[in-house]
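Rule-based calculations on the coordinates, nothing more; no lab input. Since the structure is predicted, the reported quantities are computational estimates derived from the model, not experimental observations. Cβ atoms come from the backbone with ideal geometry, glycine included; neighbour counts cover every protein chain shown.
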Amino acid sequence: MTGVLNCDPNIEQPDDFYESLIRLHDGLTDEQSRDVNARLILILANHVGDRRVLDEAFRLAREGVE
Amino acid sequence: MLKTYKYPEFHYSRSEDQDAAPPAHHPVLIVGGGMVGLTMALELRLKGVPAIVLEQGETVSDGSRSICQAKRTLEIWDRQGAAAPMIEKGITWNIGRVRHQGNELYSFDLLPEQGHKIPAFVNLQQYWVEEYLIQRLSALGGEIRWRNKVMGVEPHGDGVTIEVDTPDGPYRLSCDYLIAADGARSQMRREMDLAFTGQVFNDKFLITDIEMKADFPSERWFWFDPEFNPGQSALLHRQADNVWRLDFQIGADADNEEEMKHENVIPRVKAMLGEETPFELEWISVYTFQCRRLEKFRHGSVFFIGDAAHQVSPFGARGGNGGVQDADNLGWKLDLVMRGLAPESLLGTYDEERIFAADENILNSTRSTDFLTPKTPVSRAFRDAVLSLAQDCPFARSLVNSGRLSVPATLSHSSLNTPDEEAFEGQMTPGAPAADAPLRHDGREGWLLDHLGGGFKGVFFGPRGAIPHHLDVGGVRIDILCVGDGGIEDVQGWIARRYDGRPGSFYLLRPDQHVAGRWRRFDEEKVKSALSRAVGKAS
Ligand SMILES: Cc1cc2nc3c(=O)[nH]c(=O)nc-3n(C[C@H](O)[C@H](O)[C@H](O)COP(=O)(O)OP(=O)(O)OC[C@H]3O[C@@H](n4cnc5c(N)ncnc54)[C@H](O)[C@@H]3O)c2cc1C
């Protein structure tokens with residue numbers, strides 16, 4: 001992976017972050033979780049802003065699934 | 001049928017071609033007298049190209065259909081002498097509001113700048129538009145043959161032969177060029193067996209016009225998920241004669257017959273406008289929408305324009321408006337080629353330029369329709385997420401898409417353009433449609449677009465007399481306007497601002513008022529070579 005997307009560790013206290021991410025969905029139905037995820041993606045994508053970063057992230061995210 | 005509008009009746013009359021040795025020949029025939037075919041006929045008439053319109057009906061548009069007439073379209077009709085009564089009759093508006101559930105998400109102003117003769121949009125029912133176009137065409141002596149339904153089309157080496165059905169039976173005609181303006185269900189397209197491909201959207205929309213004397217403002221109101229139409233969208237927009245367009249998304253499974261019954265429409269309208277608001281139903285229809293086009297708009301001597309060539313959903317008002325610009329693009333090219341002033345290859349650039357524009361319209365309309373009618377659960381989740389964030393987050397408002405309203409295409413990649421050699425600020429790049437601006441000339445107030453008119457024009461930023469008044473390039477005349485001493489007075493500075501018109505700058509504009517080239521200094525040879533390029537003699 002060469003490019004502009006940072007795939008190296010970049011979040012301090014990764015375990016804390018991960019726990020928060022999972023906690024974010026506590027008590028939500030699957031549908032509500034999907035809605036939270038959608039909002040979260042939009043919020044983060046706008047914060048990143050750089051289309052090259054986003055496009056690489058899109059590719060990487062999908063590659064892992066197909 | 002309508003309470004606020006009386007359909008004019010135009011009568012069939014037998015033409016002498018029906019008694020002549022078949023087939024009688026005409027240089028140009030236009031199939032279909034809808035808003036696009038009529039615009040085409042006017043353009044050719046004004047250019048002195050003989051053309052006849054063959055129309056299967058005997059009146060104007062059935063229903064109000066296209067109500068939002070965009071600035072560029074009105075500028076074209078204004079150049080053709082047809083826009084004044086439309087602007088007078090129609091509803092001028094610039095403001096749109098987008099709501100979600102009970103809240104306003106944002107509003108927009110389509111014409112934030114002063115200094116334009118024509119407003120951003122005028123809402124006027126398509127039947128009125130067509131009636132005014134017909135009036136103008138008749139005043140100019142143009143011919144429309146009513147109840148002439150074109151049945152067969154047979155292109156051959158140097159022209160086209162067609163079969164026309166009339167109340168007196170069929171007859172045949174031939175022409176050098178056939179312009180198919182016969183609408184979304186184009187019979188010409190089917191006769192020539194041409195594929196019309198793209199996306200079909202399943203959601204249905206109940207579209208109704210009501211007559212109502214309410215003092216709602218003349219704004220475009222759009223709702224996502226309103227209380228009165230839960231989970232769906234709705235639109236309210238004013239037209240002439242106290243007629244209002246209401247548009248309810250009703251889902252893919254709705255039953256058209258049921259939905260169109262008055263007893264079902266009335267409660268919907270009341271839920272939207274309030275129980276007490278008095279109104280009368282004027283027109284009801286259910287639509288599904290498509291975004292698609294022909295692969296090529298030109299097939300030898302046959303040209304497809306308007307909905308016959310491309311079709312879009314109405315969010316964005318890009319159907320009729322896009323079609324009118326097709327006619328504007330084709331008119332001057334046919335004129336020059338038929339007068340022997342441009343090579344046949346100029347006609348090929350109709351395809352190049354208008355397919356580019358159609359793709360822009362299709363892209364915008366498709367994106368709007370996808371936003372309104374998400375196709376999958378995940379696209380709905382994102383759409384709803386955008387709407388739920390839009391109230392608080394400005395970034396999400398920019399993603400809300402209830403229609404990106406029609407603006408003319410900037411033909412930036414056209415082979416007819418001469419690329420810039422020097423830097424310019426602003427939007428008037430080669431391929432852009434000329435922006436209007438107020439001016440004074442010979443002591444009279446006026447507008448730049450009126451001075452540009454419908455031929456090749458030069459615009460020089462400098463005193464009159466400094467450069468020639470006109471140029472002639474192989475029989476094509478360029479009249480030169482001077483913005484400066486002795487010429488046009490740029491009263492409010494808008495011309496210089498919009499064109500980055502520093503002293504000495506020179507613009508070459510095409511007959512459809514798109515920029516062909518521009519320079520920081522007038523150089524006759526460069527202008528002449530740009531003109532040659534703009535008429536298809538690539539240099
Ligand atoms: C609900 C709705 C809302 C819309 N809103 C807008 C809007 O706000 N703004 C906008 O720009 N567009 C809008 N549109 C789209 C717009 O109505 C069309 O793009 C426009 O009518 C296209 O014009 P046209 O002349 O190409 O085709 P049409 O208007 O369909 O005209 C075709 C003509 O050809 C004639 N004809 C057909 N076959 C033959 C034949 N074989 N022989 C002779 N004559 C024939 C027909 O009788 C008709 O008169 C809307 C459409 C709908 C349905």
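A few points about this structure:
- GluC sites (Glu not before Pro) within region B:54-87: DSSP coil, no more than 13 neighbouring Cβ in 10 Å: none
- Rounded if a/c under 1.5, otherwise prolate or oblate - the protein assembly as shown, Cα gyration tensor axes: oblate
- The charge dipole of region B:1-88, taken about its Cα centre with unit charges on the Cβ of Lys, Arg, Asp and Glu (plus for the first two, minus for the last two), comes to roughly 380 debye.
- Shape category assigned to chain B from the gyration tensor of Cα positions, a/c cut at 1.5: oblate
- Among B:398-407, B:361-370, A:15-24, sorting by the average number of other beta carbon atoms lying within 10 angstrom of each residue, highest first, gives B:361-370, B:398-407, A:15-24.
- Region B:280-345: relative contact order as a whole-number percent, Cα under 8 Å and 6+ apart: 23
- At least 30 Å along the helix axis (C-alpha) and Kyte average at least -1.0, DSSP helices within chain B: B:345-372
- When each of B:89/B:213; B:47/B:528; B:296/B:375; B:333/B:457; B:89/B:117; B:149/B:296 is checked by Cα-Cα distance, pairs over 26 Å: B:296/B:375
- Ranked by the mean number of other Cβ atoms within 10 Å of their residues, highest first, the peptides B:141-151, B:307-317, B:44-54 fall in the order B:307-317, B:44-54, B:141-151.
- Degrees between helix A:51-63 axis and first principal axis of chain A (Cα, 0 to 90, nearest 10): 70
- Among the residues of B:389-399, the average count of other protein chain beta-carbon atoms within 10 Å of the residue beta-carbon is 2.
- The trypsin sites (Lys or Arg not before Pro) found in region B:181-257 that occupy coil by DSSP, while having at most 13 further C-beta atoms within 10 Å, are B:185, B:213.
- Modelled label positions at residue B:20 and residue A:13, each set 7 Å beyond Cα in the direction of Cβ, lie 9.0 nm from each other.
- Considering only alpha-carbon pairs that sit under 8 angstrom and 6 or more positions apart, the relative contact order computed for region B:201-288 is 44 percent.
- Peptide A:27-34, shielding by other chains (average Cβ, 10 Å cutoff): 1
- Three-way shape label, region B:91-221, alpha-carbon gyration tensor, a/c 1.5: prolate
- Averaging the sequence gap over all C-alpha pairs within less than 8 Å and six or more residues apart, then dividing by the number of residues, gives chain B a relative contact order of 14 percent.
- Neighbouring partner chain Cβ atoms per residue of A:46-53, average, 10 Å criterion: 1
- Loop-located GluC sites (Glu not before Pro) in region B:265-325 (DSSP state other than H, G, I, E, B) with a sparse environment of at most 14 neighbouring Cβ atoms within 10 Å: B:275, B:276, B:295.
- Between residue B:352 and residue B:213, full extension at 0.36 nm per residue minus the direct alpha carbon distance yields a gain of 45.4 nm.
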